[in-house]
1. Roughly how far apart, in whole Å, are the Cα centres of the stretch 288-325 and the stretch 109-149?
2. Which residue, Leu209, Ala164, Val251, has the largest displacement toward the positive end of the dipole of the chain when charges sit on each Cβ (Lys, Arg +1; Asp, Glu -1)?
3. Tell me, Lys47, Lys208, Lys243, Lys322 in order of fewest to most beta-carbon neighbours within 10 Å?
4. Using only the alpha carbons, work out the radius of gyration and Dmax of the stretch 201-297 in angstrom.
5. Mind checking which aspartates and glutamates have their C-alpha under 17 Å from Lys290, skipping anything on the same chain fewer than 8 residues away?
6. Work out the length of the dipole vector of the chain about its Cα centre, built from +1 on the beta-carbon of each Lys and Arg and -1 on the beta-carbon of each Asp and Glu, and round it to the nearest 20 debye.
7. Which angle from 0 to 90°, rounded to the nearest 10, does the C-alpha axis of helix 159-171 make with the longest principal axis of the chain?
8. What 222 nm value per residue comes from the helices of the chain, counting each DSSP H run with n ≥ 4 as -39,500 (n - 2.57) and dividing by all residues, nearest 500 deg cm²/dmol?
Amino acid sequence: MRRRTFLLRGAAAGVGFLASAGVRGQEGSGRTATELPVIISTWPFGKAANLEALQVLQSGGTALDAVERGVMTAEANPAISTVGYGGFPNRDGDVELDAAVFDGSTLDGGAVCALTGYRHPVQVARKVMENSPHLILVGQGARSFAEEQGFSAEETLSDGARAAYQKWLKKHPDRLGAPEGHDTLGQVALSSQGSIAAACTTSGMAWKLPGRVGDSPIVGHGLYADDSVGGCVATGMGEEISKVCGSFLVVERMRQGATPEEAIEEALDRILMRQGQNPAVQAAFVALSKSGAWGAGAIGSRFHYAITRGNQTEVIEVKPQKRRG
Ligand code: ASP
């Protein structure tokens, strides 16, 4: 496909084209883009990430380049307290970052967990994928690898995060307060060539136990992609998302014919079955199918996602899904 903005005429014209393109029943009730590329991200700060990813695609980058560069926008922004520089630290005051990339064309990925001292864990994750024989590196090993790969160590505790930590410490001198706020930036991009890639980046839960890792850097939990089906990323309480292998579950249900929306509803139902409508638990997914259909869902309130199709980008609020029955 030579044109960068490929019009999905068939999606607009109806099922005939989709059937002839080998797409079976994935559109259903889901929303479907009529133009590629399509990029979807978690949270309102996903908008800046989508705009960056779009630019990367428009300048000839791959879907993997797009999601890597896309999520770096939040990693660099000290105003975002849940990702990268700006992310709140663990209960000892150390910022431990988790990130991953996954390439739906090759089913290859890379991840770092509890990385300290580097503001762009997603770049290190990509190097793990490309320059190591491994999928995941953690802690000191991830840090040494980042150094070997030529990344420069930097301060990762922003002034805002330091002030928030001091305040928390005053309230919890024993450092035993419950972990709080956590919003991962997850992004899935479908390029005009039909390649799908996903990335996640997060500082995890504020005041977490040192060494705690959530779903975000774990392939199949926080992210998954397969060019022959679609891609999905998650945000919310990693402990719950991981227990249902959330992103893999969504993609596999799409493989079986569910729309992205239906697949997400099912994954959220599994979490609701364990948790009920527990207001302390947020879990949300956004997903894209290979044909440009997308879906989003959450069990908690205030979840927003950013969607870009063609040149149009919007941030959309999602109504919380209720437990059925
Ligand atoms: N899923 C992330 C974690 O558990 C946090 C979030 O996205 O809210 O680390």
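Just so you know, all these numbers are worked out from the coordinates, no wet-lab data involved. Just so it is clear, the model here is predicted, and its values are computed rather than measured. Every residue, glycine as well, gets a Cβ built from its backbone with ideal geometry; the counts of neighbours run over all protein chains shown.
1. 30
2. Going by the charge dipole, the pick is Val251.
3. Ordered from fewest to most neighbouring Cβ atoms within 10 Å, Lys47, Lys208, Lys243, Lys322 come out as Lys322, Lys243, Lys47, Lys208.
4. Cα-based Rg and Dmax for the stretch 201-297 come out at 13.0, 41 Å.
5. Counting by Cα, and skipping residues close in sequence, Lys290 has these aspartates and glutamates nearby: Glu27, Glu35, Asp103, Asp226, Asp227, Glu252, Glu261, Glu262.
6. My answer is approximately 720 debye.
7. 60
8. Result for the chain: -9500 deg cm²/dmol, rounded to the nearest 500.
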